[in-house]
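K.L.:
Mind having a look at this structure? Questions to follow.
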Amino acid sequence: MATYVLIHGASSDSWLWHRVAPLLRAAGHDVVAPDLPISDNEAGIPEYADAVVAALGDRAAADDLIVVAQSFGSFTGTVLTHRVPVKLLVFLSAMAPKEGETPGEWWEATDYTRDRQASDAGLGLPPDADLKVVFFHDVPDDVVAEAWERGEIPQSDRPFAPPPMPALPADLPIRFLAGRDDRFFPIDFQRRVVRERLGFAPDEMEGGHLEPLAHPEELVRRLEGYRVEAGL
């Protein structure tokens with residue numbers, strides 16, 4: 001079948017995928033969901049990619065690699081396409097990268113703050129809305145409770161700095177899946193930025209920013225559809 005490589009975002013770890021990985025394995029796939037060194041002040045995006053390659057081990061040479069990169073994980077996923085033979089790259093509620101731009105430059109370059117403020121105002125959200133309101137509004141209560149029990153994982157600022165992003169391989173199949181109810185990266189914002197940067201419209205599904213926690217079955221259905229389309 002395929003080897004799914006699941007890359008989490010900032011202030012997170014592989015627990016993000018704990019409802020998705022069993023479903024993919026039950027479908028007969030191999031799953032690699034590494035913990036990136038996000039609290040290491042010496043680790044940038046190249047070191048994050050190193051951690052993924054190390055987690056892959058011998059599978060780094062496999063010819064069936066599907067990389068799913070969530071949120072800030074898009075930058076690691078982009079670098080990874082130059083390190084291992086990725087056959088399909090799926091950006092999930094992600095930060096669409098641009099060649100020559102650092103992750104730290106992404107926010108201003110995309111006019112994120114302007115669009116986020118307009119979206120918050122439209123939803124009636126206060127400027128200081130808390131994490132539960134922004135990220136966990138559609139996640140089941142028991143999963144939210146577990147997340148709060150685990151606590152927040154400190155995120156180093158190092159990966160926002162250079163080096164800038166490389167170009168995505170021209171011949172690599174890429175999909176972008178966004179949540180229609182994402183309060184962190186609003187859907188109108190994603191539609192614009194993905195078209196500008198990747199040249200196509202994002203696919204959309206039910207849910208907010210944390211689809212792997214809120215809607216794992218639907219997410220797996222979408223991923224499997226992409227896999228079949230890619231002939232993997």
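The values are calculated or read from the model by the stated rules, or taken from the named source; none is laboratory data. In this text the structure is predicted, and so the values were computed from the model without any measurement. Positions of Cβ are backbone-derived with ideal geometry, glycine not excepted, and every protein chain shown enters the neighbour counts. The accessibility values were calculated without ligands, DNA or RNA, using every heavy atom of the protein model including side chains. Shrake-Rupley method; radii C 1.70, N 1.55, O 1.52, S 1.80 Å.
K.L.:
Give the accessible surface of the chain per residue, rounded to a whole number of Å², with probe radius 1.4 Å and ligands, DNA and RNA excluded. Numbers along the way, then the final one.
P.N.:
Details: 10120 Å² over 232 residues.
Using a 1.4 Å probe on heavy atoms only, each residue of the chain averages 44 Å².
K.L.:
For the stretch 10-15, just list the computed ³J(HN,Hα) in residue order, Karplus coefficients 6.51, -1.76 and 1.60, θ = phi - 60°, integers in Hz, with x standing in for Gly and Pro.
P.N.:
Once θ is set to phi - 60°, the couplings for the stretch 10-15 become 6, 6, 9, 8, 5, 4 Hz.
K.L.:
What are the ³J(HN,Hα) couplings of the stretch 85-101, residue after residue, when phi is run through the Karplus curve with 6.51, -1.76, 1.60 and θ = phi - 60°? Round to Hz, x for glycine and proline.
P.N.:
Values, residue by residue: x, 5, 9, 7, 10, 10, 8, 10, 6, 9, 9, 4, x, 9, 4, x, 10 Hz.
K.L.:
Can you sort Met1, Met205 by 1.4 Å-probe accessible area, starting with the largest?
P.N.:
Met1, Met205
K.L.:
Give me the percent of accessible area attributable to carbon and sulfur for the stretch 1-97, probe 1.4 angstrom. Can you show the working numbers first?
P.N.:
Details: 1440 of 3030 Å².
Its accessible area is 47 percent carbon and sulfur atoms.
K.L.:
Using Cα-only point scatterers and the Debye equation, what is log10 of I(q)/I(0) for the stretch 13-145 at each q in 0.10, 0.16, 0.20, 0.21 Å⁻¹, rounded to two decimals?
P.N.:
Log10 of I(q)/I(0), two decimals: -0.42, -1.01, -1.32, -1.37.
K.L.:
Taking DSSP loops as anything outside H, G, I, E and B, show the longest stretch in the chain free of GluC sites (Glu not before Pro) there with at most 11 other beta carbons within 10 Å.
P.N.:
Result, exposed sites excluded: 153-232.
K.L.:
Roughly to the nearest percent, how much of the accessible area of the stretch 186-232 is carbon and sulfur, given a 1.4 Å probe? Before the final figure, lay out each step's value.
P.N.:
Values: 900 of 1970 Å².
Answer for the stretch 186-232 is 45 percent, counting heavy atoms of protein chains only.
K.L.:
To the nearest 10 square angstrom, what accessible area does Arg175 show with a 1.4 Å probe?
P.N.:
Approximately 70 Å² of Arg175 is accessible to the 1.4 Å probe.
K.L.:
Taking amide H positions as placed in the peptide plane 1.01 Å from N, state which residues far from Leu92 in sequence (5 or more) or on other chains have amide H under 5 Å from it.
P.N.:
Those qualifying (amide H under 5 Å, at least 5 residues apart or on another chain) are Ala69, Gln70, Ser71, Leu177.
K.L.:
Further question on the same structure: So what's the Cα pair-distance distribution over the chain, bin width 5 Å, in %?
P.N.:
1, 7, 15, 19, 21, 19, 12, 5, 1, 0
K.L.:
Give me the accessible area of Arg19, 1.4 Å probe, in Å² rounded to the nearest 10.
P.N.:
Probe radius 1.4 Å; accessible area of Arg19 about 70 Å².
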